[in-house]
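Colleague: For reference, the structure I am asking about is given below.
The values are calculated or read from the model by the stated rules, or taken from the named source; none is laboratory data. Just so we're clear, the structure is a prediction, and the values are computed from it rather than from any experiment. Cβ coordinates were reconstructed from backbone atoms using ideal geometry, including for glycine residues, and neighbour counts include every protein chain displayed.
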Amino acid sequence: MDKRGPDAIGRRIRRLREARQMSLRDLARAAQVSLSGLSGVETGLRQGKNLTAETCRRLAKAFGVSVDYLVGMYDDESESAPTAAASFAA
């Protein structure tokens, strides 16, 4: 294991997976991603920030959260990016 440990994305993936009582294998199957790659992100051997957009999309879909939440843009699972109209309302 890397001495630095997992990055914020790796920690969030683990937290989401454990909260949903999923094994790494369950998540890898549900998201159709590599078990070894997923394990590497959770343990810090791979940086979550280097995941592809497609992998992030698949993981977010498997968890039922937005990609924005998965990558740490928001702290609340129910939050998502503001709509274009909302950003011009000011």
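Colleague: Residue under question is residue 39, and the condition is that it be free of Cβ contacts under 8 Å to residues at least 24 places away in the same chain, surrounded by 12 or more Cβ atoms within 10 Å (Cβ to Cβ) and hydroxyl-bearing (Ser, Thr, Tyr); does it hold? First the steps, then the outcome.
Modeller: Details: free of Cβ contacts under 8 Å to residues at least 24 places away in the same chain: yes; surrounded by 12 or more Cβ atoms within 10 Å (Cβ to Cβ): yes; hydroxyl-bearing (Ser, Thr, Tyr): yes.
Against the criterion (free of Cβ contacts under 8 Å to residues at least 24 places away in the same chain, surrounded by 12 or more Cβ atoms within 10 Å (Cβ to Cβ) and hydroxyl-bearing (Ser, Thr, Tyr)), residue 39 qualifies.
Colleague: Does residue 42 meet the test of being more than 20 Å from residue 20 (Cα to Cα) and at pLDDT 95 or above? Give the steps one after another, and end with the answer.
Modeller: On the way: more than 20 Å from residue 20 (Cα to Cα): no; at pLDDT 95 or above: yes.
For residue 42, the condition - more than 20 Å from residue 20 (Cα to Cα) and at pLDDT 95 or above - is not met.
Colleague: Now a separate question. Do you know which of the residues in region 7-58 that are assigned to a loop (DSSP other than H, G, I, E, B) and touching an Asp or Glu at 6+ places or on another chain (Cβ under 6 Å) is farthest from residue 73 (Cα to Cα)? Steps first, answer last, please.
Modeller: Here is the first cut: in region 7-58, the ones assigned to a loop (DSSP other than H, G, I, E, B) are 7, 20-23, 32-34, 44-47, 51-52.
Imposing the further condition that a residue be touching an Asp or Glu at 6+ places or on another chain (Cβ under 6 Å) reduces the set to 44-45, 47.
Details: 44: 20, 45: 23, 47: 17 Å.
Applying the filter and picking the extreme gives 45.
Colleague: Give region 14-31 a look and list any residue that's closer than 23 Å to residue 68 by Cβ and touching a helix residue (DSSP H, G or I) at 6+ places or on another chain (Cβ under 6 Å), or say none.
Modeller: Going residue by residue through region 14-31, those that are closer than 23 Å to residue 68 by Cβ are 14-20, 22, 27-28, 30-31.
Selection gives 14, 16, 17, 27, 28, 30, 31.
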